[in-house]
Every structure is written in structure tokens, then in C-alpha cells.
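To start, the structure itself, in C-alpha cells.
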Amino acid sequence: MTLPGWTREPLVHFLAAGAAIWFVLSWQGEPVDPASRAITVTQEDRARLALQWERTLQRAPTDAELDGLTEQFIREEVLYREALRLGLDQDDAVLRKRLAGKMDYLAASMAETASAPDTTLQQWLDTHPERFAPEVRYSFDQRWFAEQDTARRALPSPDPRGEAISLPPAMEGASRREVDERFGEAFRTALDAAPVGQGWHGPVASGFGWHLVQLRARETGEVPPLAEIRDRVEADWRTATSAARKEEAYRLLRDSYRITVAR
């Protein structure tokens with residue numbers, strides 16, 4: 001499905017995020033009155049339960065399975081209302097995280113269900129060949145720091161001095177596997193996104209701590225044609241697009257708050 005251009009406008013995203021807030025707050029149907037003993041399971045509720053099942057098990061539920069899901073939904077609703085009646089939702093960190101997760105999901109849901117056309121995927125493949133080439137080689141310098149703030153303060157220096165650690169300060173033409181073995185996959189993934197030949201970059205996280213990185217070269221091997229790896233390219237595009245939309249929706253919402261942090 002090709003999304004119309006207006007769906008990429010920030011204002012549309014903001015309105016969608018606002019609608020998402022309303023949706024989350026009213027997710028249980030009408031605002032829950034703890035004193036109410038009436039529970040209505042709508043067809044939309046059952047369709048949503050069936051969709052969640054299908055996404056998990058890659059098949060539609062049988063009638064018996066859907067009835068079981070409905071009973072589970074009713075059980076959760078009963079216990080949820082009783083929990084509200086007892087005030088158990090106050091200062092609940094688990095509930096807070098779950099609602100935040102639902103907001104992220106709603107922000108990214110359009111990208112997660114969209115099907116990208118070949119032109120979009122070819123552009124994605126051309127922009128990120130290092131993600132799909134069988135072999136990539138990296139030439140870089142790195143400086144290690146135990147603390148992120150220390151690395152951040154050293155970044156403006158043209159020749160930052162790192163702290164002592166038994167890691168090579170530079171590697172030449174290192175393969176993807178060599179970088180993974182020395183620094184870990186998270187560090188190598190950061191190299192895939194780092195600018196080439198533009199000085200020091202970071203801080204970049206690894207299992208050892210924090211690094212400033214100067215990527216001098218990233219040599220990408222032959223990339224298979226889109227037709228051979230279309231599923232991989234589409235999955236990567238979908239994951240990245242979902243993450244970008246989550247972050248964009250969050251930033252738009254965050255900008256509407258006045259935040260004070262006591263130090």
C-alpha cells in the first residue's frame with residue numbers, strides 16, 4: 001500500500017498521536033466506572049482479539065478458540081475493574097510501561113502493516129547496501145571511555161584521548177565478523193550507520209562501555225539484486241520506519257510538554 005504524501009506531514013502525525021492518546025485512555029470502551037457491573041464485548045473487541053491471535057500464531061482462531069479468547073478478555077475486564085476499585089492503578093510502574101508501549105505501538109502500527117512498493121525498497125537497498133551485502137569491511141579508529149558523559153566531553157577534540165583498555169585503537173579492513181568478535185554486534189551496527197570520513201562520531205555503546213569512532217572507510221561487497229532479497233529488505237525497511245515513526249510521534253508529544261527535572 002502506498003501512503004499518500006499528506007500522511008507524512010508532522011501535523012497529521014501530531015493529530016494521530018493525539019487520537020492515539022484518546023484511544024489508549026478509552027481502550028477499555030467507555031471510561032471505566034469501577035462501580036459499574038456491566039461489561040459489553042463488542043464485535044470490534046472480538047475482531048481485535050482475533051487479529052492479535054492471528055499475528056501471534058499466523059492463522060485465524062477457530063470459533064472455540066475465539067470464545068476462549070473472549071472469556072479471557074472478560075476475566076481481565078472483571079479483574080481490571082476490581083483493581084481500579086481498590087486503587088491498584090495508582091503509582092503502578094508496570095501499568096505505566098504498558099500504556100507507554102501501547103502509545104509506541106499505535107504510532108508505528110501504520111508502518112507495521114504497510115506493504116512497500118519495489119521503488120521504495122530499491123531506494124532503501126541503495127541507501128543501506130551495508131545491511132544486505134554478504135561482506136563488509138571497516139577501517140576505523142576508536143577511543144574508549146568508561147562513562148558516556150566523559151566520551152561526550154571529549155568528542156569536540158580533533159584528537160580525543162581515550163582511557164586505557166585492551167582493545168585495538170584502530171582496525172584496517174576488518175570484516176564484519178572480526179568487528180563483532182572484538183567489539184560486539186551493537187558496536188558494528190553503529191559502524192553501519194556512522195558517517196564515513198567525517199571525523200569523530202559518537203559516543204557509541206558496546207559491551208565494554210562507550211567509544212568515539214572515526215570511520216575512515218566502509219567497503220561494501222556485491223549486493224544481491226532486490227528480487228533475491230525482497231523479504232529481507234522489506235522487513236528491514238518496516239522495522240526502521242516503525243522505529244522512526246515512534247520517535248517522531250514521541251518528539252512531537254514531548255515538545256508539547258513543559259518539563260522540569262530537579263538535579
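The values are calculated or read from the model by the stated rules, or taken from the named source; none is laboratory data. Just so it is clear, the structure is predicted and the values come from calculations on it, not from any experiment. Neighbour counts run over all protein chains shown; Cβ positions are idealised from the backbone, glycine included. Only protein heavy atoms, including side chains, enter the accessible area calculation; ligands, DNA and RNA are left aside. Shrake-Rupley method; radii C 1.70, N 1.55, O 1.52, S 1.80 Å.
Here is the figure for region 191-216: residues that are open to solvent by 30 Å² or more (accessible area, probe 1.4 Å) and under 20 Å from Pro134 (Cα atoms) total 2. Restricting attention to region 222-238, the residues that are in contact (Cβ under 8 Å) with a residue 12 or more places away in the chain and either assigned to a loop (DSSP other than H, G, I, E, B) or more than 20 Å from Asp118 (Cβ to Cβ) (or both) add up to 3.
Screening region 135-188 for residues that are out of contact with any Pro (no Cβ under 6 Å at 6 or more places or on another chain), surrounded by 15 or more Cβ atoms within 10 Å (Cβ to Cβ) and of a type in the set (Lys, Arg) and picking the one that is nearest to Gly202 (Cα to Cα) gives Arg188. Annotation note: Cβ proximity below 6 Å between a residue of region 239-258 that is among the β-branched types (Val, Ile, Thr) and a residue that is part of a helix (DSSP H, G or I) and crowded, with 17+ Cβ neighbours inside 10 Å (sequence gap 6+ or interchain) occurs for Thr241/Ala111.
Which one is modelled with the lowest pLDDT among residues in region 200-221 that are part of a loop (DSSP other than H, G, I, E, B) and closer than 21 Å to Asp180 by Cβ?
Result: Gly221.
For region 49-76, name all the residues that are surrounded by 14 or more Cβ atoms within 10 Å (Cβ to Cβ) and of a type outside the set (Gly, Ala, Ser). Those that are surrounded by 14 or more Cβ atoms within 10 Å (Cβ to Cβ) and of a type outside the set (Gly, Ala, Ser): Leu49, Trp53, Pro61, Glu65, Leu66, Leu69, Thr70, Phe73. Could you tell me whether Ser115 is surrounded by fewer than 14 Cβ atoms within 10 Å (Cβ to Cβ), under 30 Å from Gln52 (Cα atoms) and at pLDDT below 90? Judged against the criteria, Ser115 is a match. The set of residues from region 217-243 being closer than 23 Å to Leu106 by Cα and surrounded by fewer than 13 Cβ atoms within 10 Å (Cβ to Cβ) comprises just one member, Ala235. Elements of the type helices (runs of 4 or more DSSP H) sitting completely within region 112-199 and holding at least 1 residues that are among the acidic types (Asp, Glu) and more than 19 Å from Glu219 (Cα to Cα): these cover 118-127, 148-154.
A single entry from Leu125, Leu84 fulfils the requirement of being surrounded by 11 or more Cβ atoms within 10 Å (Cβ to Cβ), among the aliphatic types (A, V, I, L, M) and over 25 Å from Leu226 (Cα atoms): Leu84.
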